[in-house]
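Structure first, commentary second.
The numbers here are math on the coordinates, done by the rules we state, and not lab data. Computed from a predicted model, the values in this text were never measured in an experiment. Cβ: placed from backbone, ideal geometry, glycine included. Neighbour counts: every protein chain shown.
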Amino acid sequence: MYKAIRFRKALLGPELKPVDNVWMTIEGGLIAALGTGEGPAEVPRHPAAVAIPGLVDCHVHLALSGGADVEREARASHPDARQDLIEANAFSHLQSGVTTVRDLGSPEDAVLHAVKAGGLGTAQAPRIVAAGAISSPTGHGNFLSRWATTPGEYEEAIEAIAGLAAHWVKLFATGGVITTGTVPGATQMEPSLISNVAAAAHRSGLAVAAHAHGRDGIRNAIEAGVDSIEHFSYLTADEAALLNGSRCTLVSTLVATERFVSSDQRETANPEALAKILVHAPHERAALELAVTARLPLAVGTDAGTTFNPHGFGMQEQALHLNRAGMDPASVLRAMTVNGSRLLGGGAGYLDVGRPADVLCLDADPLEDLGALYQINEVIVGGRPVGT
Ligand SMILES: [Zn+2]
């Protein structure tokens, strides 16, 4: 556990301002004091070139493996095996510099149960902000959700999820890729239903994440007042204009699509999922470019756990996708730290007094080259280096 530490360079505050010779003291897992120069006493200098806030991955599925057919695998999985998978996947995120994740759905709420039971045992893990998901029995994501069809059933499910100490509810405004029988562009909840359910979740103190690929689903979710929209693959200028006046944040998970499409194993996937992802990949790329051009509020996820999308280093790939879509490195890094933490209401977000001491120590400066995110020297969570 570090009590004090000094960095050659650190990106400080919500603007991620590069500052040389930064020292910080750490108390109770938080940054207690911060300054430049030698520090209050003989503070050891960290060997890394630059310190940035730990990354915030706003969309993962810790209880899914990222294999060829996660739907079939999840349906067949045994609860005891899930705990081991969750711990291993959580540690993979941590090793790749992610210090906070939001889990957006697991079979039988396995992740919520694990977090409520006091975390992940002795294993080191990122901070986990967990959601309970609700879908219809045949809807997208039904294998990682509670089932509901009527408003009353949705309210019962919300109550149960709140009872598991969740912070978020995940809804499915449209169909999706990895669930058989659903269509990504098609709506899966009527506008009045999604509005009623989002309002009920908010009344119970839960924030709402809406999975939405198709235009109608995106619009219904925005109008329902959800807090985040996941994927937004068919976003157009019309929905972008609606988003401008809302509190809603978009969460890009493009890496999930890119990993599936570029996998040399893709022919072994569920054929229906493969056919759907090939159709929608170009739309999702264009939607991200639109979101960047329109400067919409954007946070970053990986959807890790989905088909051919294993846990770990997805945020590094996302950084490159965001950069290709038109974001400069500073904006990419803010989206992956500050914006994510604001959306989740948790995690470090940025390095300042009073913030959690979650630090990603890199051997090169990611403001100069985002590839530096792969050059991890050490990951620190709450002042404790990972692996110690
Ligand atoms: Zn997902």
Subject >> For the chain, calculated [θ]222 nm from helices alone, where every DSSP H run of n ≥ 4 adds -39500 (n - 2.57) >> reply: -10000 deg cm²/dmol
Original post:
What is the sum of charges around PRO18, taking Lys and Arg as +1, Asp and Glu as -1, for the other residues whose C-beta is under 12 Å from the C-beta of PRO18?
Top reply: -1
Original post:
Among all the aspartates and glutamates, which ones have a C-alpha under 15 Å from LYS17's C-alpha, if same-chain residues fewer than 8 places away are not counted?
Top reply: ASP328, ASP352, ASP365, GLU368
Original post:
Tell me, what ³J(HN,Hα) does each residue in the range 92-106 have, in order and in whole Hz, if you take phi through Karplus 6.51 cos²θ - 1.76 cosθ + 1.60 with θ = phi - 60° and put x for Gly and Pro?
Top reply: 4, 4, 4, 4, 9, x, 8, 9, 9, 10, 10, 8, 10, x, 9
**OP:** Check cross-link reach from LYS276 to the aspartates and glutamates: straight Cα distance under 20 Å, and skip same-chain residues fewer than eight apart.
**Re:** ASP69, GLU71, GLU73, ASP216, GLU230, GLU258, ASP264, GLU267, GLU284, ASP303
**OP:** Output the direction-averaged projected area (hull surface divided by four) of the convex hull of the alpha-carbon atoms of the range 163-218, in nm².
**Re:** 4.2 nm²
**OP:** Quick one: which residues, 5+ away or cross-chain, put their amide H under 5 Å from the amide H of LEU30? H built at 1.01 Å from N.
**Re:** ALA357
Subject >> Note, ³J(HN,Hα) from phi for the range 260-270, Karplus 6.51, -1.76, 1.60, rounded to Hz, x at Gly and Pro >> reply: 5, 4, 9, 5, 6, 9, 4, 5, 8, 6, 3
Subject >> Segments 243-254, 7-18 sorted - mean Cβ within 10 Å per residue, highest first >> reply: 243-254, 7-18
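Mind ordering 196-209, 261-274, 53-66 by average Cβ neighbours within 10 Å, highest first?
Answer by packing, highest mean first, reads 53-66, 196-209, 261-274.
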Original post:
What residues have an amide H closer than 5 Å to that of ASN377, excluding those fewer than 5 places away on the same chain, when H is modeled at 1.01 Å from N in the peptide plane?
Top reply: CYS361, LEU362, ASP363
Original post:
Cα centroids of the range 103-154 and the range 1-51: how far apart, whole angstrom?
Top reply: 37 Å
**OP:** For HIS311, enumerate residues with amide H under 5 Å from its amide H, sequence gap 5+ or separate chain, H modeled in the peptide plane.
**Re:** GLY305
**OP:** Report the Stokes-Einstein translational diffusion coefficient (µm² s⁻¹, integer) for the chain, Rh taken as the Kirkwood radius over Cα pairs, at 10 °C with viscosity 1.306 mPa s.
**Re:** 76 µm²/s
**OP:** Could you point to the residue in LEU274, HIS78, PHE172 farthest towards the positive end of the range 55-344's charge dipole, with +1 and -1 charges on the Cβ of Lys/Arg and Asp/Glu respectively?
**Re:** PHE172
Original post:
What full-extension length gain, to one decimal in nm, is calculated for ALA237 and GLU42 as 0.36 nm per residue of separation minus the Cα-Cα distance?
Top reply: 64.7 nm
Original post:
What does the charge add up to near LEU362, with Lys and Arg as +1, Asp and Glu as -1, over the other residues with Cβ less than 13 Å from its Cβ?
Top reply: -3
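Hey, can you rank 316-328, 91-103 by average C-beta count inside 10 Å, highest first?
By packing density, highest mean first, the sequence is 91-103, 316-328.
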